[in-house]
1. Need at least 3 residues that are modelled with pLDDT of 85 or more and open to solvent by 40 Å² or more (accessible area, probe 1.4 Å) per element, so show me which helices (runs of 4 or more DSSP H) inside the range 259-352 make the cut, counting only ones lying wholly within it.
2. List every residue pair whose Cβ atoms lie under 7 Å apart, where the two residues are 6 or more positions apart in sequence or sit on different chains, the first residue falls within the range 605-626 and is part of a loop (DSSP other than H, G, I, E, B), and the second residue, located anywhere, is of a type in the set (Asp, Glu).
3. Filtering the range 131-167 down to residues that are in a strand (DSSP E or B) and among the aromatic types (Phe, Trp, Tyr), which residue is nearest to residue 204 (Cα to Cα)?
4. Quick one: is residue 170 under 34 Å from the mean Cα position of the chain (by Cα), modelled with pLDDT of 95 or more and more than 20 Å from residue 219 (Cβ to Cβ)?
5. Can you pull out the strands (runs of 3 or more DSSP E) entirely within the range 168-254 that have at least 3 residues that are open to solvent by 40 Å² or more (accessible area, probe 1.4 Å) and of a type in the set (Gly, Ala, Ser)?
6. Taking residue 512 and the conditions (1) open to solvent by 60 Å² or more (accessible area, probe 1.4 Å); (2) outside any strand (DSSP E or B); (3) closer than 22 Å to residue 432 by Cα, which numbered condition does it fall short on, given that it satisfies the others?
7. Could you pull out the residue among 48, 8 that is modelled with pLDDT under 85, out of contact with any Asp or Glu (no Cβ under 8 Å at 6 or more places or on another chain) and hydroxyl-bearing (Ser, Thr, Tyr)?
8. Does residue 203 satisfy the criteria of being more than 30 Å from residue 61 (Cβ to Cβ) and of a type outside the set (A, V, I, L, M)?
Amino acid sequence: MKKWLTTTLCALCLLITLPGKATTTTDTLLLNRIYRYADSSYVQPTDTSYYSYTRYTIDIRRKNIFLMAVPNLFDMARSGRRHFIGESIRQHVYNKKGVRDSKTLISYTTLPYSENILPPALMYLSPTLYRVTLVDKFLLSPFSRHNKMFYRLHVVSQTDSLALLSFKPKVDNTQLVKGNAVIDVRTGRVITCHAEGEYNMLRFELDTDTGDKQHDKLMVRRCILRTTFKFMGNRMAATYRVNYDMPPIDSTQFKSNKPAFTLNALRNDSLTRIEKELFNPVYMADIGQDTVRTQAEKPRGRFWRKLGDYLVDRIGSDFGKSNQGYFRFNAPFDPFYMEYSPSRGFTYRNDFRFGYTFNPRMSLFAQLKAAYYFGEKRVTFYAPLILTFNQQRNFYSRIELSSGNRIYSSTIAERLSESLLHRLIGVGNDLYQFTDNYLRFETNIDLSPKWGLKMGFVFHKRKPLDLIPFELLDFPKEYRSFAPNIEVSIRPWGWSGPIFTIDYERSLKHVFKSNIGYERWEIDGQYLYRLSRLRCLSMRLGTGFYTQKDQSSYFLDYANFRENTIPGGWNDGWSGEFELLDASWYNASNYYVRTNFTYETPLLVASWLPYVGHYIEMERIYVSALAVKELHPYFELGYGFTTRLFTIGAFVSNRNWKFNGFGLKFGFELFRHW
């Protein structure tokens, strides 16, 4: 590591002292070589493997009780120590399809009970310099042609073989970085790079060395990451060092009961003075005993650790000999499971997920999503169970149970005389709202990449929210419907293009005590079109109509046009939905035509504002239109943005060409990706 740093410093000094000869033409030629380097150096994936070495140190410089609220830091906050160290060696295996499988061969850590500390920092350890995003799906890279509009790039100094390139964002935003890089003038290859910025509560400095790897010339060889995390008076610093160019390792060299001793022998660089102070106690424990003894955890300590796991940390685990099973449960007191909308007020939601893979083709998945509406004092849940028989053909069976839903219907009230209806409403009776519980079963199979078929049935049981007027009028107190259905999916361009569906559903009276008859068609099209620079266009267009319904009583209930009672849409959970539309309109017409568009992009409008623009990660524009009975038409326009703390959207609606209302929608984002 010291040799690498020395070489980099010497190269920088040489570039600065030699006379520069950069011109505008030279800058353009050099930038074009950088942009083309990724295409010219791409190598078709082959079966290969390599080894990596990672070392990290964590220093808690200031802490208080609020550190316990940060995911995965509860144990660290309670620990009396402030300095930690860990090392590991991993093996990475690539196949011809470009799929990478990584496993830890040996490791140790002084962290209490967990190695999953600062999960966002781990993504920085595999930077992709030449792609649109520098890290995972965020941080726009200055070395991508698509992002040149956001950066000022300048050649500071240049020789015949090397150039020192500085890059600085045109606007102060969390999606952009600043720094410099040493470039190979002849090829455009980034030899070394220093980048710094701030994203998702972490301020970072990233130093990379690409080296000259043969199996993947676009991959970094070594990197050093320095991060600082600040939250509510707490301050934590972490340093990670990764070497992806380790020589092949003989497994006989590993002593699993002496990991520190083994890593000390295999490590190909030197520890700093502070690292030695943290490492020596672990090393002495290894060489002084045959097995590593850990201090027994006191029952009281175990109680507080479990309490922290259950309240503020995500709960989950893998199980099985090959970790083929898992379960996940979101922390019950994480604030970003709260949401606010004008129509329903505050909503709290959570979900439990379970999965098990029997073999590469067959798997089982179960989920329980629940929500509580504070304004209505109502609980609703949604529980699907999916058994996949053939994953390649998308062949699965699904059973879904849902309860606590609300549905509106005016057809029963329309049977009464106007005077009787006004008399009942005048004393506070409600003939329009019903509770809706349903059971749905369906089996799906993809006949080809362009065609899919789904068949099943749905059983609804609906009861009036206010039973009194139904008892007085001697009306049924329960409405049931059993309806087989079929859906055909059409994908003209395969999975990479839009998806069109045609649904047909018909209720069978007297089956399972069904007392409602209807026939319904729906046509729907959706397309999630991903553009460059993290931009995305979400489009939806659909229609539905009833071709037959009972004259006495029926419910206008559509599969593709209904109130989204448990949020969770496309990218942000709000796309493809109507945010200000009153819930009664979803069940008030025997036909509908709807369209929804959402444009998502970083650095649109608010991101360019001084000071506040730095914290805006993503911006969105919403456009929605609807035509139903007595709404010709209904429009919604909205604008929203996401920061590290929250997502907020402002919406305005127009009904029959007249202003209808304005509303805000709010959701927490803090630590969502931790």
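1. Fully inside the range 259-352 and qualifying: 259-266, 273-287.
2. That search, which allows pairs on different chains as well, returns 605/619.
3. Among those that are in a strand (DSSP E or B) and among the aromatic types (Phe, Trp, Tyr), it is 138.
4. no
5. Values: elements: 178-184, 190-199, 202-209, 222-231, 234-246.
Passing ranges: none, list empty.
6. For residue 512, the exception is condition (3).
7. 48
8. When the stated conditions are applied, residue 203 does not pass them.
The values are calculated or read from the model by the stated rules, or taken from the named source; none is laboratory data. Since we're looking at a predicted model, the values are computed, not measured. Don't worry about glycine lacking a Cβ; one is built from the backbone with ideal geometry, like all the others, and counts go over all protein chains shown. Surface areas here come from the heavy atoms of the whole protein model, side chains and all, with no ligands, DNA or RNA. Shrake-Rupley method; radii C 1.70, N 1.55, O 1.52, S 1.80 Å.
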